[in-house]
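Working notes, structure below.
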Amino acid sequence: CNTAHKKAMLHEYGKHVDIGMNLLDCITNDDDRRRAKIDYDRALAGESHITIEQSGELDRNYYETRYNPIFNDRHEIIGATAFSSDISERKRAEEEKKSLEAELQQAQKLESLGTLASGIAHDFNNILGIILGHAALLEGSPADRKSIKRNTEAITTAGMRGTGLVKQMLTFARKTDV
């Protein structure tokens with residue numbers, strides 16, 4: 001029972017601990033006590049293991065705890081040890097890293113969306129130019145059926161290209177949560 005452990009137990013559970021005390025009696029949070037009992041029982045059954053959990057009444061800090069059985073000279077289990085390290089700063093740093101990675105991913109999605117929007121605007125501008133150009137030819141041309149058919153086919157083709165672009169945008173929008 002080192003000084004850091006004494007301070008942590010006093011801070012987290014409001015309990016003074018000392019060598020020889022049953023740690024389970026010092027844990028005031030029922031869920032923490034249940035988890036610790038399970039882990040001690042595993043160690044008393046001969047299993048060494050490590051846990052990472054949040055515990056405590058106040059700060060709910062993260063602790064990495066190493067549980068090990070204690071053996072006597074005849075290799076019989078006579079007790080268990082638990083050595084805990086406060087890893088709260090490491091966990092907070094990991095959570096911050098995850099958050100920053102998510103923000104970066106979101107920024108990259110927005111950048112991709114901007115690039116896509118720019119390309120779509122350019123393509124739509126070209127399509128509108130075709131439509132408007134052929135419509136102007138229709139307005140200024142004599143009533144020649146062949147020329148009317150050619151211009152209306154160009155307008156229809158440009159309109160179909162525009163419809164295809166809209167379908168691509170809708171497909172992209174369904175795949176990407178921005």
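Within the stretch 38-45, the presence of a residue that is open to solvent by 50 Å² or more (accessible area, probe 1.4 Å) and either at positive phi or of a type in the set (S, T, Y) (or both) is excluded.
Restricting the stretch 52-95 to residues that are hydroxyl-bearing (S, T, Y) and in contact with a helix residue (DSSP H, G or I) (Cβ under 6 Å, 6 or more places away or on another chain), the residue that is farthest from K6 (Cα to Cα) is Y67. None of T163, T157 is at pLDDT 80 or above, within 30 Å of Q106 (Cα to Cα) and part of a helix (DSSP H, G or I) except T163. The single condition among (1) at pLDDT below 90; (2) more than 30 Å from G159 (Cβ to Cβ); (3) open to solvent by 80 Å² or more (accessible area, probe 1.4 Å) that C26 does not meet is (3). Of all the criteria given as (1) more than 27 Å from the chain's Cα centre (by Cα); (2) among the aromatic types (F, W, Y); (3) under 17 Å from A8 (Cα atoms), the one not satisfied by Y67 is (3). Hey, does the stretch 33-50 have a residue that's at pLDDT 95 or above, of a type in the set (K, R) and closer than 16 Å to A80 by Cα? Checking the stretch 33-50: at least one residue is at pLDDT 95 or above, of a type in the set (K, R) and closer than 16 Å to A80 by Cα.
The values are calculated or read from the model by the stated rules, or taken from the named source; none is laboratory data. Keep in mind that what you see is a predicted model, and the values were worked out from it rather than measured. Using ideal geometry, Cβ is built from the backbone for each residue, glycine included, and neighbour counts are taken over all protein chains shown. For the accessible areas, the whole protein counts, side chains as well, though only heavy atoms, and no ligand, DNA or RNA atoms are used. Shrake-Rupley method; radii C 1.70, N 1.55, O 1.52, S 1.80 Å.
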